[in-house]
């Protein structure tokens, strides 16, 4: 038998948790993700499914309330019943269009796309800014979920600088780096990340790695583009005590719309942006001296 549909998985999770739709409705409202009892009933019966961004955000919260692993319900959503391409498909095509060489680099590593075997569900990015106001490396921690049995590989893609120098991926825990390919013309560097072991479908695994930059950068921003919805995304900047910014701003870009918010360090030396159920879109921080 195949995997249960979203409606069946939702109904089974409610039964195992021994809770009612009324209980779930009230808990979601308390968490700031209100969903009407009628909508929850329609989801359970299969009459409809979460479509809007707010509904999908609520679904991430539901997974937590029903004590489910991240993606248990989200990954069982069927094709959107609204016209037009799904957000993840649309943004992936935009990535190919905006980054010449990316698709060719993936093909050279025998990847059809970004999520052939594994899909990212959690990403944490840490940047340390030194006393000169520059960053030399990024630290990445991520949780991956297998889309099929024997899943182990996923691509890492970055752009190279104007003179063709590329960053380096340095495994810290849970992974190693396999084949690599550079497309100087398209300014793309892609590598094959290999988890320490193969996983079965829907199993999750963590890895950590450092991204060493070809030279220190003095950029006053850091962000991450999520091509698909992540269970959680964190961008954290740690400033040297002798080089604290005059102002910091958190921002998100969803489609053509940007939302920004000023942050106060309040005597601290770090700033972060955090979102749950985020993407497709950009989450980041920017600052000034």
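Every number in this text was worked out from the coordinates using simple rules, so none of it is lab data. These numbers were taken from a predicted model, which means no experiment stands behind them. Counting neighbours? That spans all protein chains shown, and the Cβs are built from the backbone with ideal geometry, glycine included.
Using the Cα gyration tensor of the range 6-76, with a ≥ b ≥ c the square roots of its eigenvalues, what is the shape: rounded (a/c below 1.5), prolate (a/b larger than b/c) or oblate (neither)?
Note, shape of the range 6-76 comes out rounded.
How would 204, 270, 154 line up from fewest to most surrounding beta-carbon atoms within 10 angstrom?
With the fewest neighbours first, 204, 270, 154 line up as 270, 204, 154.
Could you tell me the center-to-center distance, by alpha carbons, between the range 29-50 and the range 243-289 in angstrom?
Centre-to-centre distance over Cα atoms comes out at 31 Å.
Run the numbers for residue 150 and residue 276: contour at 0.36 nm per residue of separation, minus the present Cα-Cα distance, in nm. Walk me through the intermediate numbers first.
Working: separation 126, 0.36 × 126 = 45.36 nm, distance 2.82 nm.
Here the segment from residue 150 to residue 276 would lengthen by 42.5 nm.
For the chain, modelled as a Gaussian network with Cα springs under 10 Å, which listed residue fluctuates most, 17, 228, 137?
Among 17, 228, 137, the largest GNM mean-square fluctuation belongs to 17.
Return the FRET efficiency for the residue pair residue 159, residue 5: r is the Cβ-Cβ distance, R0 is 51 Å, and the value is rounded to the nearest 0.05.
The value I calculate is 0.80.
Kindly express, to the nearest 10 degrees and within the range 0 to 90, the angle between helix 21-30's C-alpha long axis and the longest C-alpha principal axis of the chain.
30 degrees
Calculate how steeply helix 53-65 sits against the longest principal axis of the alpha-carbon atoms of the chain, using the helix alpha-carbon long axis, and give the answer as 0 to 90 degrees to the nearest 10.
80 degrees
Using 7 Å Cα-to-Cβ label points, what is the residue 204/residue 55 separation (nm, one decimal)?
2.4 nm
Full-extension gain between residue 104 and residue 264, please, as 0.36 nm times their residue separation minus the C-alpha to C-alpha distance.
53.3 nm
Could you bin all the Cα-Cα distances of the range 90-288 into 10 Å bins starting at 0 and give me the percent of pairs in each, rounded to whole numbers?
9, 32, 39, 18, 3
For residue 172 and residue 47, what does the FRET efficiency come to when R0 = 45 Å and r is the distance between their Cβ atoms, rounded to the nearest 0.05?
0.45
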